[in-house]
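What follows is a single structure, written as structure tokens, with notes after it.
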Amino acid sequence: MLIWEVEGTKPLTPDQSQSRALDQQQKQIRLRKKQLALGKARDREHKLAAQVTSLASKTT
């Protein structure tokens, strides 16, 4: 008896496994885009903070 018969799950067909692989890829791409957007926002925040600090030091 095969393991999947015992567990009650059948192996995926090639179409199903390809579909799952594509889903995983798309999920990773979405995650990467979010990470990039967060990184850009963080960079902007740091630049603005540096500008504020330099302006504050010039006015005092």
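Where a number appears in this text, it was derived from the coordinates with a stated rule and is not lab data. Computed from a predicted structure; not experimentally measured.
What lysines sit close enough to Lys27 to cross-link, taking a C-alpha to C-alpha distance under 22 Å and skipping anything fewer than 8 places away on the same chain?
Of all the lysines, those that pass the test against Lys27 - Cα under 22 Å, at least 8 places apart if same chain - are Lys40.
How far, in nm, would the chain grow between Leu31 and Ser17 when pulled straight, counting 0.36 nm per residue and subtracting the alpha carbon separation?
On the way: separation 14, 0.36 × 14 = 5.04 nm, distance 2.10 nm.
2.9 nm is the gain from fully extending Leu31 to Ser17.
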